[in-house]
1. Give me a comma-separated list of calculated 3J(HN,Hα) values for the range 445-452, in order, Karplus coefficients 6.51, -1.76, 1.60 applied at θ = phi - 60°, integers in Hz, x for any Gly or Pro.
2. Could you calculate the contour length gain from LYS372 to ILE679, that is, 0.36 nm times the residue separation minus the distance between their Cα atoms, to one decimal place in nm?
3. Based on a Kirkwood Rh over C-alpha pairs, give the Stokes-Einstein translational diffusion coefficient of the range 398-502 at 37 °C and viscosity 0.692 mPa s in µm²/s.
4. Would the range 85-184 count as rounded, prolate or oblate if I go by the C-alpha gyration tensor, calling it rounded below 1.5 in a/c and otherwise prolate when a/b exceeds b/c, oblate otherwise?
5. For the pair LYS302/ASP568, report the inter-label distance in nm, with labels modelled 7 Å from Cα in the Cβ direction.
6. Only sites in a loop by DSSP and with at most 12 other Cβ atoms within 10 Å count here; which GluC sites (Glu not before Pro) in the range 14-43 make the cut?
7. May I ask you to compute the full-extension gain from LYS470 to ASP625, defined as 0.36 nm times their residue separation minus their alpha-carbon distance, rounded to one decimal in nm?
8. Return the Cα extents of the range 212-334 along principal axes one, two and three, sorted largest first, each rounded to a whole Å.
Amino acid sequence: MIFEGQCLSANYLDEGIVELNFDLRDSSVNKLNKATISELKEAVAALIKEGASIKGLLLTSAKKYFIVGADITEFLTWFELPEVQFEAELIAIHKIFAALEDLPFPTVTAINGLALGGGFELSLSTDYRLITTQTKVGLPEVSLGIFPGWGGSFRLPRLIGLDTSLEWIGTGKPQRADVALKQGAVDTVVEPEKLKESAITLLQRCIDGSLDYEARRREKREPLSLGQLEQLMSFETAKGMILAKVGPHYPAPMFALEAMQKHASLHRDEAMKVEVAGFVKAAKTEVAKNLVGLYLNDQALKKEAKVMTKNAAEIKHSAVLGAGVMGGGIAYQSALKGVPIVMKDINQAGIDLGLSEAKKLLCKRVERGQMKVGVMADTLNRINATLTYGDVANTDIVVEAVIENVNVKKSVLAELEAIVSKETILASNTSTISITELATATKHPERVCGMHFFNPVPVMPLVEVIRGEKTSEETIATTVAYALSIGKSPIVVNDCPGFLVNRVLFPYLNAFEELVRDGADILQIDRVMEAFGWPMGPAYLIDVVGLDVCCHASAVLAEGFPERMALDFTPATKLLHDAGRLGQKSGSGYYKYEADKRGKPKKTVDETVFKIINQTVTAEREFSDQEIVERMMLALCFEAIRCVEDNIVDSPIAADMGLIWGIGFPPFRGGALRYVDAIGAQEFCAIADKYADLGAAYHPPEMLKTMANNNDRFFG
């Protein structure tokens, strides 16, 4: 025994080979937390002290995954340190990795499962890396608003080249084993059961001199072997690509590029200083603070879901009632994640459309190399398409996804209850209709809940699980468990018109309608809100959702919250809808749509739309960009606060994550309530005073007034 700790150990295997094994106690995964880093420093010192008796070092993991990355919850305190102190903490870790890299014998890392972030950076400090066919590696730090800060930004380019490493670091995308091998980030890919044996064989080749591991080290420690002109071309090209892909709101990729450009011509020991300085600058940005906050929110919700689903019933077979695009998407998602599903419709055309949707989505995965043809066939076989109610009888949960009509849905739920078992959960995929009201059509309302998927189902992560007045906790727990099992991010919402997402979205869309009424240009509004960070402006969003859907949902919410959401004029969306313009689905809405070369709808400005919407315009004046943002965001944020105030969701975390996952609230802003925090409760109320005459939607909620008086925040 060379070293034994709580996080890792170092022991001789045979013939002078030592295994450094990571096994973080009381944890299901290995993380580079402060304890692990401290023990790694001790272990490396012990290896150096052991001296010439060691011929080679093998790094392994006792967990399912090698190392999933740094423990951001622990290191987050460093983000608040003064820059000099922050840099010193990072340099100390760099020195540990450098000492590992400089050991007087060859080193090999055997990577199983995942090696991400700091875990992959640690492996880059060794001479060679082996991974299994099922392993993914990568540097996803940009998703947290930072970039690799433990050597990844200078070691990776020296292994796989500048252009490829800029792509790895700039996108943060984890890479499959075959890609990592082809691009040179790893040296061998083997089957999982052969990983350790193959790693020892590779180490023996280093020991007997058939592999020149010292040459590999020199390559990683020396400046990048690329001429100044080639470097300049690579970096300039990368700058354009990064700005085109991530835009101006996410600075971390540009911080990474700038650091990489500065240290490309430097030795390792100087390069680490440049990387650290750039990392600290990125970590000090508001965007990094917000994105790390989202990560912590996500972890909190996962932990909450894990506790909630402890007593959940198992879902072995599911069903979706109503095929088509939505039903086909739900069937695809369930089958993809291994849960067999019955897809039932009342006519063959619906069945054909649902199956076509599932096949189309699976074919895309095959085309992208994400799935083999045989796996695609197995997945399709998990979808039992049927016109017969009897095939639904033996399922554990039925997702009702028929037309958004309260009477139709109640009738369907009553019919279902008479067919299925007394344990089967009846979940309605409704976007606005009260679950409490729907449950009145059943004899056992405790088994009825909402399960609101968002379109397109495979892309949108959120599922709202809605609790009616009589829904049992077991029903909620089991539905949450099912959502998790099919790869979705569930948020439990109490029943109200529009639930969380649509209840918050429609004050935002109403603000748009009022701006148009008051003379604002729809093109300016879309441009301003996209510049704010939304994936699409409100007019474009309405077109994508469908003007018919928006008109229906708007009426439901106006009835539910007449004081804030009932409009006293005919809005532009209703005028366009009545003119037969339904959005993308009909080829025209606020914009005109034609298929591009790839068959995707491309929007263009349609001058005829202005003649229609002019019927609602009551004034002509110019609006500043700031006024547009204030009016749009006040309405949205106030309703999000009311959802917390009314206990529709149980926390600001759930509210923020629901809006990010459900309607694409700009992630770099951290969520609607974190956005309020950034401005400040007092200032937010002061801004609202300017628009008080616009009505109740612009009057601050009591919760925010109290926070303003007490100088409180939603997130400490």
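Derivation of every value follows stated rules applied to the coordinates shown; laboratory data play no part. Small disclaimer: the values here were computed from a predicted structure and weren't measured. Using ideal geometry, Cβ is built from the backbone for each residue, glycine included, and neighbour counts are taken over all protein chains shown.
1. Ordered by residue, 3J(HN,Hα) equals x, 5, 9, 9, 8, x, 9, 8 Hz.
2. Between LYS372 and ILE679, full extension yields 105.6 nm more.
3. Value of D from the Cα-based Kirkwood radius: 246 µm²/s.
4. Verdict is oblate for the range 85-184.
5. Using points 7 Å along Cα→Cβ, the separation is 5.0 nm.
6. Sparse-neighbourhood loop GluC sites (Glu not before Pro): GLU15.
7. Additional length available on full extension: 51.2 nm.
8. Projected onto the principal axes, the Cα atoms of the range 212-334 cover 62, 41, 34 Å.
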